[in-house]
Amino acid sequence: MTYAASSMRRTKTVSITSGKGGVGKTTIVSNLAYNLARQGKRVLIFDGDLGMANVDIFFGVKSTGNIHQVLTGEKTIQEIVTELNPNIDLISGGSGVVELNRMNAFQRRALVDAVAEFDHQYDYLLIDTAPGISDNVLYLNAAVQKSAIVITPDPASLADSYALIKILHQEYKENKFSIICNQVRDEVEGMQLYSRFNEVVNRFLFIGLDYWGSISHDMAVKKSSQNQRLILKHEPYSEVSQQLMNISNKLERSLIKTDQKNGLQFFWDQVVGVA
Ligand SMILES: Nc1ncnc2c1ncn2[C@@H]1O[C@H](COP(=O)(O)OP(=O)(O)OP(=O)(O)O)[C@@H](O)[C@H]1O
Ligand SMILES: [Mg+2]
């Protein structure tokens, strides 16, 4: 690629998030990254969940460090970027994100400048957040172009996702949310789940959601994660892999370049509170 072409690249930013834990965020982020990367896209994954940080595990690679170590001066930002796969890099953020927001002006500027050189290197920034409504999760979701919320048929997942959307909407003025239904029986159940959830959010918060698709419950997914494998790589012809590819295509179509909030620089400015 020529310099001119690469300098045109604007990183599109999306978070995969949820109200309730264990709904499939890390599984989805890892497989979407893999699908985008094999189509030649450059992907940076930001692991925002230090408690259960495990994106690296799916790729059989150990992360080289995290944002906290950058803030304490132990490591440089370059040193904590871990290559997971061709075209996929990882930065572990975790609870460090809250510290980012409490840095002094000098620290902020230094970090923003350090990260500036990553801008234009990636087509996508995918963020795997922790579940819930902690500051960490809210900051990350408020800083991206789109938050994709993973819901499952479990009533607790719906209630907690509603709470997450409500707080992001009311306190951070967010109004663009996409929905991924996971662990459903089939596409029909997924569509119905989305429709019911959309109706409630519509009625009480006056915002419309965007349906990105459904993923069936399949023990092969669980087995893949137990064996530290990506289902999309090892069972590419399964229904679940097809569904993940559909969601990946939907993600690509939904993130418009001209969106105000695009770009890695914008994301970092928001997260560290410069903007
Ligand atoms: N469609 C599916 N069918 C069957 N099992 C699934 C499916 N999606 C995810 N799982 C399993 O559910 C468990 C939780 O998945 P995952 O770790 O991706 O969730 P998470 O939302 O990232 O969790 P946490 O909130 O703890 O970070 C894993 O064992 C995973 O293999
Ligand atoms: Mg996870």
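The values are calculated or read from the model by the stated rules, or taken from the named source; none is laboratory data. Predicted model, so just to flag it, every value in this text is computed and none were measured. Here Cβ is always computed from backbone atoms with ideal geometry, including for glycine, and neighbour counts include all displayed protein chains. With ligands, DNA and RNA removed, areas are computed over all heavy atoms of the protein, side chains included. Shrake-Rupley method; radii C 1.70, N 1.55, O 1.52, S 1.80 Å.
Condition test on residue 113, is it within 30 Å of residue 166 (Cα to Cα) and of a type in the set (Asp, Glu)?
no
With a cut-off of at least 2 residues that are more than 14 Å from ligand 1 (Cβ to nearest atom) and within 17 Å of the chain's Cα centre (by Cα), name the helices (runs of 4 or more DSSP H) lying wholly within the stretch 38-149.
Helices (runs of 4 or more DSSP H) meeting the threshold: 96-100, 135-143.
Can you pull out the residues in the stretch 224-235 that are surrounded by fewer than 14 Cβ atoms within 10 Å (Cβ to Cβ) and at pLDDT 95 or above?
234
Tally up the residues in the stretch 212-221 that are within 11 Å of ligand 1 (Cβ to nearest atom) and either open to solvent by less than 10 Å² (accessible area, probe 1.4 Å) or closer than 24 Å to residue 178 by Cβ (or both), please.
Counting residues in the stretch 212-221 that are within 11 Å of ligand 1 (Cβ to nearest atom) and either open to solvent by less than 10 Å² (accessible area, probe 1.4 Å) or closer than 24 Å to residue 178 by Cβ (or both) gives 6.
Could you please find all residues in the stretch 33-61 being more than 13 Å from ligand 2 (Cβ to nearest atom), buried (at least 21 other Cβ atoms within 10 Å of the Cβ) and of a type in the set (Gly, Ala, Ser)?
33
Among the listed residues 30, 15, identify the single one that is within 16 Å of ligand 2 (Cβ to nearest atom), under 28 Å from residue 103 (Cα atoms) and surrounded by 16 or more Cβ atoms within 10 Å (Cβ to Cβ). So that I can check it myself, show each step before the final result.
On the way: 30 fails: under 28 Å from residue 103 (Cα atoms).
Only one candidate qualifies: 15.
Would it be correct to say that residue 200 is of a type in the set (Val, Ile, Thr) and buried (at least 17 other Cβ atoms within 10 Å of the Cβ)?
no
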